[in-house]
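Notes to accompany the following structure.
The values are calculated or read from the model by the stated rules, or taken from the named source; none is laboratory data. What you see is a predicted model, and the numbers here were worked out from it, not measured in a lab. Because the Cβ atoms are built from the backbone with ideal geometry, glycine has one as well, and the counts that use them run over all protein chains shown. Side chains are part of the model used for accessible areas, which takes the heavy atoms of the whole protein and leaves out ligands, DNA and RNA. Shrake-Rupley method; radii C 1.70, N 1.55, O 1.52, S 1.80 Å.
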Amino acid sequence: MATFNKAVEGTTLMFAPVGIIDAGNASEFQDEVSESLEGVSAVVFDFAELEFISSAGLRVLLATQKALGKPGAVHVRNASADVLEVLTVTKLAQFMTIE
């Protein structure tokens, strides 16, 4: 189960999920992100409190990058070593800015 904290700062959506993102809540995660994209040119996912992300959650990151339509529009901050490894192994890290 995850909580999805979000805020818009100018044209940047700040999104900070807490807990885990898996098949059970990935569609809710997708809905939360998608409904907030209007007028947004970048999304920052702060993963400081994210414990785990499944392939279903990774699809949301990729869909967000695709929706924004420009390379580097998705930023990932504060990812744990495990989450960063998943992003690297799946090669998703090359499509987003890792901070």
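Data for the structure
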read-out	value
Extension reserve of the residue 31-residue 8 stretch, reckoned as 0.36 nm per residue once the Cα distance is removed	6.7 nm
Accessible area of the chain belonging to carbon and sulfur atoms, whole % at 1.4 Å probe	54 percent
Aspartates and glutamates with Cα under 16 Å of residue 91, excluding same-chain neighbours fewer than 8 positions away	82, 99
Heavy-atom surface of the chain, accessible at 1.4 Å and reported per residue (Å²)	53 Å²
Local electrostatic count at residue 78 - Lys and Arg +1, Asp and Glu -1, tallied over other residues with Cβ under 11 Å	-2
Helix-only CD estimate at 222 nm, as mean residue ellipticity for the chain, using -39500 (n - 2.57) per DSSP H run (n ≥ 4)	-9500 deg cm²/dmol
